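Chemist: One structure is given below, represented as structure tokens, and several questions about it will come after.
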Amino acid sequence: MNKKLFFSVLVMLLGNFLLHGEDKFTLEVKVKNLSNSPATYSFRVSRCMVDFNGYKDWDFLPLLGYAGKNGLSSEKPPQEIWLNRNEETGWMKMPGYGKVLHIYNETDSPPFCEIEIRVKNKQQDISRLFLWKDRPKTFHVYLYYFPESAKPPLLTLKTADEFIEETIQYIRTEMKDFPLRKNPKLIAFSTDFNCHMDDEPEWVRKNLLLLKETGLNCFFDSENSLFLSQLVKDMGFLYVDHWGTSIWPLTYDGLDAKRRECATVALRSLDSYYRRINRDNVKVLHGDDEISSGSFEEFIALDSQVQPLVVSYFKKMNVPLSDIALRSYDEVRLVPEVSKPPYREFLKKNNPSLFYWLNRARMEYVTDIAAETGKIAQKYYPDAFIISPNWPAAGVLGGGYDGHGWDFWMVYRKSGMKGIYGEPTPRYNFYLQGIFSWYGDMMRSQIRNGPMGAYITTARGSYPCFLNHFQVYELAARGAEHFHWYSYGGMWGNENYANEIVRDLLREFAIIHREFAEAEDYLYGSKPEKSQIAVLWTPAQEIWDATLHQEIVALYLILLHSNYNVDIISSYDVDGGLLKNYKVLYMPFSYVERKTFDSISSWVKNGGRLIIDGGGGQTSG
């Protein structure tokens, strides 16, 4: 590929990736009450991360207002200005930044009204009159949809029932030459769907039927309703995923106190009646979402509160007092006397060894808690395949101990977790073949060939949807056995309904599910051939400069595309003697623990080949 073509493709990809908003449109609504009882109605819209015209907050179901004789008001109007029989609001202008308009009946009487809706943009101008009678409290109308993931949306005015039925028929038509003969059984495919208590049961059932039509065999049951939990079971989903236990809120009152707190929460949450409905089919228990160890700055600021924890750890690790420039462990102070916030940078500059060991002390405590939450969850779900926080692989590409790319190697060596669940970042998801092998091998290195699962993030418009195949197959080849479709702008459960439907994404899901159903006997339990090349990861580098882990990614991809299998190993692996299994070790960064450095030196003297960056090999701890 010549340079001009390369940069043209890169600009096109980045342009698609950075495109957040869709074409704006105007939305107007008029309501006429046909009931004998006075009535008022409220309006909300479903929004998502990538297509609400620059409104970048996390309110996915914002309130637009209430209908009354005076039109649209921000608060529920007093009853004297509700709509009487045959009264109407006139046209009410509303923000055009949502895909689905949700209309709520705010009275005790059954709804009976006419709803006229107009939507308009530069290309389309459509309107439709709806009759809402004797239905439950919510009425859903689709305002636009994406016929194809990389193309602009089309305005539409369809009821939720109509749209879901059309989409089911679309999947059946597209898959007529690839019928669903069976579902995958060994490898699970899941997604979320958050319904509301007021949603019509039949409409909820149709949404689940759409997911079943694609070949989905697992369902994330967020326990929003007893009805949904029972419906998931009755509709024959093979597996169910649940939330597990969490380390949050993170406190430093001691491990015993935190263990009691987690056990109490687990008794209330993991043993609920909702859970018992699908307990036998639970595949994955997700712990903390995008887990973070909290701010190191906040930890330092606690000072005397965490000083006993720090001193205990220092004594356990025999931290040399000369390293931290103190005469006694009792002299340890987290907040330097002569400094002001931020303390982190002052410590890093003026007492780097203390900075390093405080990081390690905090991580020891946090990972102890994380391991305990896993052990508690296993008591309630001993047959769950994976019990893991959502480990964001992106964190290791620059998160650091201060972010969420923290020391999961330490967690798994405490035998608290069962399997690992990761979230490959969509940041690298365009045309970078091999990047998902990297995520798989990163997870595999931590759990040491235990069960693995991954969120498959499919950002609408950032790259063609057929690249979902690259994600799933690369991860499956590395041993992943559970996949959760998590589609920014595709079908994302956080938007409350299965309303973020992009039809060609659903078609792609349907193809993948059918392929895996036919081929999973060959894919299940896959793992790379034994490697003689390893790339080192160290906690020391994560503490001092996590951004250099991007070099690990680049090195890994160079080796992979040169047809070399690569294992990622940690300092803990080297300390445990694992290095004897390899002939070549790459260390593409600067910092390594002293004990690990000594082990590497001994391995080199016995014939091992070390490839290191200039300036590498600086020791900590």
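The values are calculated or read from the model by the stated rules, or taken from the named source; none is laboratory data. Since this is a predicted model, take the numbers as computed values, not measurements. Please note: Cβ atoms are built from the backbone with ideal geometry, for glycine as well, and neighbour counts cover all protein chains shown. What goes into the accessible areas is simple: the full protein's heavy atoms, side chains included, and nothing from ligands, DNA or RNA. Shrake-Rupley method; radii C 1.70, N 1.55, O 1.52, S 1.80 Å.
Chemist: With a 1.4 Å probe and all protein chains left in place, how much of the accessible area of region 146-244 comes from carbon and sulfur atoms, in whole percent?
Modeler: Carbon and sulfur: 53 percent of the exposed surface of region 146-244.
Chemist: When ligands, DNA and RNA are left out and all protein chains stay put, how many square angstrom of accessible area per residue does region 502-577 have with a 1.4 Å probe?
Modeler: Here the per-residue accessible area is 39 Å².
Chemist: What is the spin-label model distance, in nm, from residue 353 to residue 328 if the labels are put 7 Å beyond Cα along the C-beta direction?
Modeler: 1.9 nm
Chemist: Still on this model: Which of the peptides 27-35, 74-82, 228-236, 117-125 is most tightly packed, and how do the rest follow, going by the mean number of other Cβ atoms within 10 Å of each residue?
Modeler: Values: 27-35: 19.9, 74-82: 12.6, 228-236: 16.8, 117-125: 15.1.
Ranking, from highest mean packing down: 27-35, 228-236, 117-125, 74-82.
Chemist: Find how much the distance from residue 595 to residue 383 grows on full extension, using 0.36 nm per residue of separation minus their present alpha carbon separation; answer in nm with one decimal.
Modeler: That pair, residue 595 and residue 383, stretches by 72.5 nm at full extension.
Chemist: So which of 30/133; 24/137; 24/158 end up more than 22 Å apart, counting from Cα to Cα?
Modeler: 24/137
Chemist: Select from 357, 381, 346 the residue farthest towards the positive end of the dipole of region 317-389; place +1 on Cβ of Lys and Arg, -1 on Cβ of Asp and Glu, and compute about the Cα centre.
Modeler: So the residue we want is 346.
Chemist: What FRET efficiency would be calculated for the residue pair residue 165, residue 234, taking the C-beta separation as r and a Förster radius of 25 Å, to the nearest 0.05?
Modeler: Between residue 165 and residue 234 the formula returns 0.75.
Chemist: Follow-up. At 7 Å along Cα-to-Cβ for each site, give me the label-to-label distance between residue 81 and residue 135 in nm.
Modeler: In this crude spin-label approximation the distance works out to 2.8 nm.
Chemist: Would you please give the FRET efficiency between residue 182 and residue 337, computed as 1/(1 + (r/R0)^6) with r the Cβ-Cβ distance and R0 = 60 Å, to the nearest 0.05? Before the final figure, lay out each step's value.
Modeler: On the way: r = 69 Å, r/R0 = 1.15.
With R0 = 60 Å, the Cβ-Cβ based efficiency is 0.30.
Chemist: Ok, one more. Using a 1.4 Å probe, what is the accessible area per residue for region 68-117, in Å²?
Modeler: Dividing the accessible area of region 68-117 by its residue count gives 49 Å².
Chemist: Moving to a separate point now. For labels at residue 256 and residue 312 in the simple 7 Å Cα→Cβ model, what's the distance in nm?
Modeler: Taking the simple label geometry, residue 256 and residue 312 are separated by 0.9 nm.
Chemist: Next question. At 1.4 Å probe size, with the rest of the protein present, what percent of the exposed accessible area of region 294-375 is carbon and sulfur atoms? If you can, show how the numbers build up before the last one.
Modeler: On the way: 1970 of 3870 Å².
Carbon plus sulfur share of accessible area: 51 percent.
Chemist: Moving on. Can you tell me the accessible area per residue over region 286-370, all protein chains present, probe 1.4 angstrom, in square angstrom? Before the final figure, lay out the partial values.
Modeler: Working: 3970 Å² over 85 residues.
Value returned for region 286-370: 47 Å² of accessible area per residue.
Chemist: On full extension of the chain, what length is gained from residue 612 through residue 265, given 0.36 nm per residue of separation minus the C-alpha to C-alpha distance?
Modeler: Details: separation 347, 0.36 × 347 = 124.92 nm, distance 4.73 nm.
So the chain would gain 120.2 nm between residue 612 and residue 265.
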